[in-house]
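Chemist: One structure follows; several queries about it will come next.
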Amino acid sequence: MIGDGWDGEPSIRPGSGAGDVGRRRRVVVVTGSRAEFGLLRPIMKAIERNPRLELMVVAAGSHLVQPALTFRDVKKEFKVADSVPMQIAGRTGRVEDVESVGRGVSRFARCFSGLSPDWIVVLGDRIEAFAAASAGSIGGWAVVHVHGGDRAEGIADEAMRHAITKMAHLHLAATPQSAERIVRMGERPEHVEVIGSPALDDLPGIAALDDAQDSEFGRPDTVVLVHPIGRTDEAEEAFVAGLFEAVAGRRVIALHPNLDPGRAGVLRAIEASGVRSIEHLPRDTFVGLLKRVAARGGVLVGNSSSGLIEAAALGVRVVDVGPRQNGREKPGHVVHCGESPASIAEGLAKAIALDLRGVTHPYGDGRAGEKAAAALVAIDPSDPRVLRKRCAY
C-alpha cells in the first residue's frame, strides 16, 4: 500500500499514462556528461529490452561542449530524441554554472513538453541532472533519481544530489546506506529501492585492452583521474602538480577532468607534467584500460567515484586523494590520503602493498539496469500518491 491519508488529486498531464492502459510507458533518460552516461547505459539498454517501456534519450550539458563532444558516444549507441545545450565552451566557474542551470531548466521544460514522458530519469548530482529534475518536478512530470542518497562531501554537488532527491518521485539507490539516508530525508519508503550501481552492470562484457592499445597508451601502471572541486584554477593546478610529483617514476596516463570550475588549472598541471594524457576515453576503452592496469597490479590515483565503484569490481588498487569523495562508502581496495605530495606518496605505497584477496564492495550485484526497468514498470507514474510529494514524517 502506497501512503495513507491522501486528501487531494494533482493534475495529470496529457500523455502521463493515466487511463492509457496497454501503452508503453515513455521513459526519458537525461545524460549530461561522459561519466554518468557510462552509468546510465545499462539502464537505457534494459529499458530498450523491456516491451512495456519506450526509451527516449536526451543528451545535454557537457556532452555538447567542444572539443570533446561526447554527444557522439551517445549517438553511436542510442537514438537521441532531443538535445539540451547548457554550458558554453571555454567558460567555467560557479557563476557560469548558475547561468547554465538557468538555460537548462528552461530548455528541459520545452523538451519534456514535446516528448510527454511518463518517467524522467536522472543520475547523480551534476548540474545537468539538477536542471532536468527541476524542470520535471516543477512541470508536473514524474522524476526518477538514480544514485541518490550518496555522500560526496568534498564538492558543492553534495547539496545538489540531495536537492534532486527532494524533487524526485522514485529513488533507485546504489546501496542500503544511501537508501536509508533517502528515507531519513522524508521520502516514502515504498518509493525507495536499492538496485546497486549500474556502473557494475557492463563490466564483465568489456574486454581488457589488447597489446597494441596497451602499447599505444604507454603500458601504464598508474591512471591519474582528478576532477576539480570548485577551487580557483591556481589552487587546483598546485594540487595536481603535487600529485604528479608523488607519482614520478611510474608509467602514468592522465585523463582530462570533467567540465567543472577549476578545470583549467587541472589541465595546466597535466600539460606541465609532461605525462601522456587523453582528453576523452569511451566507456569501453576506459574499462579496458582499468582491466589492463589491474592485471599488472597497477593503481588509479585521483578523486573520481570510478575509483570507488568500478575499480573495486575490477581489482584495481586506488589512492583516493583529498576531500572530493569524503562520506562515500569505500571498499577495501581504496586508500584515502591528503593532497600533499608526501601524503599521496604514502598512500601510493600503502595501496601497492594491499592484499586484495577477499575484498568486496557495497555497490550491488551487477543487475541494476534490469532492476531499474522493473521498477519503472511496477510503479505507476500517474498515481497521485507518487506525483504529490510529501514528507513522510
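Every number in this text was worked out from the coordinates using simple rules, so none of it is lab data. Worth saying up front: this structure is predicted, and the values here are computed from it rather than measured. In this analysis, Cβ positions are derived from the backbone assuming ideal geometry, glycine residues included, and neighbour counts consider all displayed protein chains.
Chemist: What does the extension gain come out to for residue 177 and residue 24, with contour length at 0.36 nm per residue minus their alpha carbon separation? Each step should come with its number before you reach the end.
Modeler: Numbers: separation 153, 0.36 × 153 = 55.08 nm, distance 3.28 nm.
Roughly 51.8 nm would be gained on extension.
Chemist: On a 0 to 90° scale, report how tilted helix 341-352 is relative to the longest principal axis of the chain, with both axes built from alpha carbons and the result rounded to the nearest 10.
Modeler: Result, in degrees: 80.
Chemist: With angles folded into 0 to 90 degrees, how steeply does helix 127-139 sit against the dominant principal axis of the chain? Use alpha carbons for both and round to 10.
Modeler: Compared with the principal axis, the helix lies near 10 degrees.
Chemist: Show which aspartates and glutamates lie in cross-link reach of residue 371 when reach means a straight Cα distance below 19 angstrom and same-chain residues fewer than eight apart are skipped.
Modeler: Once the sequence-local aspartates and glutamates are set aside, what remains near residue 371 is 36, 48, 54, 118, 150, 180, 190, 193, 201, 202, 310, 380.
Chemist: Check cross-link reach from residue 166 to the lysines: straight Cα distance under 19 Å, and skip same-chain residues fewer than eight apart.
Modeler: Answer for residue 166, where 19 Å is the Cα cut-off: 389, listed by chain and number.
Chemist: Between residue 271 and residue 235, what is 0.36 nm times their sequence separation minus the Cα-Cα distance? Round to one decimal in nm. Mind showing how you got there, number by number?
Modeler: On the way: separation 36, 0.36 × 36 = 12.96 nm, distance 1.58 nm.
So the chain would gain 11.4 nm between residue 271 and residue 235.
Chemist: Here's another thing I want to ask about it. Volume per residue, Å³, of the convex hull around the alpha-carbon atoms of the chain? Don't skip to the answer; put the middle values down first.
Modeler: Working: hull volume 51.0 nm³, N = 393.
Convex hull of Cα atoms, per residue: 130 Å³.
Chemist: Also: Could you give the length gained by full extension between residue 346 and residue 203, i.e. 0.36 nm per residue of separation minus their alpha carbon distance, to one decimal place?
Modeler: On the way: separation 143, 0.36 × 143 = 51.48 nm, distance 2.99 nm.
Taking 0.36 nm per residue and subtracting the Cα distance, the gain is 48.5 nm.
Chemist: Summing -39500 (n - 2.57) over the DSSP H runs of n ≥ 4 in the chain and dividing by its residue number, what mean residue ellipticity at 222 nm do you reach, to the nearest 500 deg cm²/dmol? Write out the running numbers ahead of the final one.
Modeler: Working: 14 runs with 154 residues, N = 393.
That calculation yields -12000 deg cm²/dmol at 222 nm.
Chemist: Which stretch or stretches of region 25-53 have amide N atoms under 18 Å from the point lying 7 Å from residue 79's Cα along the Cα→Cβ direction?
Modeler: Label zone hits: 25-31, 44-53.
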